[in-house]
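J.: Here it is: the structure, laid out below.
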């Protein structure tokens with residue numbers, strides 16, 4: 001989990017503060033710079049710093065830590081892409097206007113539809 005506190009870089013604290021207020025984050029400029037940020041090690045709770053030059057990986061990790069279900073990246077050349085296929089499926093369902101159910105609820109719904117189908121007329 002990414003640690004956000006007084007020792008965190010200012011840009012990270014601001015991102016953390018403004019993300020819940022916005023539905024779109026647009027990042028531009030030198031996006032290939034090295035990003036340094038603190039991580040809390042699971043289990044021990046120890047904080048250590050890590051560096052990466054992959055902004056999309058950082059944003060995916062940051063937003064999924066905040067419990068966002070869908071994280072997408074728009075590139076003018078490659079178009080819209082998602083870190084996981086599950087995120088892409090959820091996005092397509094949202095885009096189509098269909099209800100998005102957790103996988104176990106979706107299976108229950110599919111099962112209940114097949115059980116609730118009426119027998120064709122004259123089948124009795």
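The values are calculated or read from the model by the stated rules, or taken from the named source; none is laboratory data. Computed from a predicted structure; not experimentally measured. Note: ideal-geometry Cβ built from the backbone for every residue, glycine included; neighbour counts use all protein chains shown.
J.: Go through the stretch 4-32 residue by residue and tally those that are surrounded by 10 or more Cβ atoms within 10 Å (Cβ to Cβ) and either in contact with a helix residue (DSSP H, G or I) (Cβ under 9 Å, 6 or more places away or on another chain) or assigned to a helix (DSSP H, G or I) (or both).
T.: Step one: of the stretch 4-32, the residues surrounded by 10 or more Cβ atoms within 10 Å (Cβ to Cβ) are 4-5, 7-9, 11-19, 25, 27, 31.
Pick out the ones that are also either in contact with a helix residue (DSSP H, G or I) (Cβ under 9 Å, 6 or more places away or on another chain) or assigned to a helix (DSSP H, G or I) (or both) and you get 4-5, 8, 11-19, 25, 27, 31.
So the answer is 15.
J.: Which one of these is without any contact (Cβ under 8 Å) to a residue 24 or more places away in the chain, over 19 Å from the mean Cα position of the chain (by Cα) and within 28 Å of residue 93 (Cα to Cα): 71, 77? I'd like the intermediate steps shown before the answer.
T.: Numbers: 71 fails: over 19 Å from the mean Cα position of the chain (by Cα).
Just one listed residue meets the conditions, 77.
J.: If you take the residues in the stretch 65-81 that are in contact with a helix residue (DSSP H, G or I) (Cβ under 7 Å, 6 or more places away or on another chain) and assigned to a loop (DSSP other than H, G, I, E, B), which one is modelled with the lowest pLDDT? So that I can check it myself, show each step before the final result.
T.: In the first step, residues of the stretch 65-81 are kept if they are in contact with a helix residue (DSSP H, G or I) (Cβ under 7 Å, 6 or more places away or on another chain); the result is 66, 69-73.
With assigned to a loop (DSSP other than H, G, I, E, B) added as a condition, the list becomes 66, 69-72.
Details: 66: 87, 69: 90, 70: 91, 71: 91, 72: 90.
The qualifying residue modelled with the lowest pLDDT is 66.
Conditions (1) surrounded by fewer than 11 Cβ atoms within 10 Å (Cβ to Cβ); (2) modelled with pLDDT of 85 or more; (3) touching a strand residue (DSSP E or B) at 6+ places or on another chain (Cβ under 7 Å); (4) assigned to a helix (DSSP H, G or I), marked per residue:
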| position | (1), (2), (3), (4) |
| --- | --- |
| 58 | no, yes, yes, yes |
| 63 | no, yes, no, yes |
| 83 | no, yes, no, no |
| 86 | no, yes, no, yes |
| 92 | no, yes, no, yes |
| 100 | no, no, no, no |
| 104 | yes, no, no, yes |
| 118 | yes, no, no, no |
| 124 | yes, no, no, no |
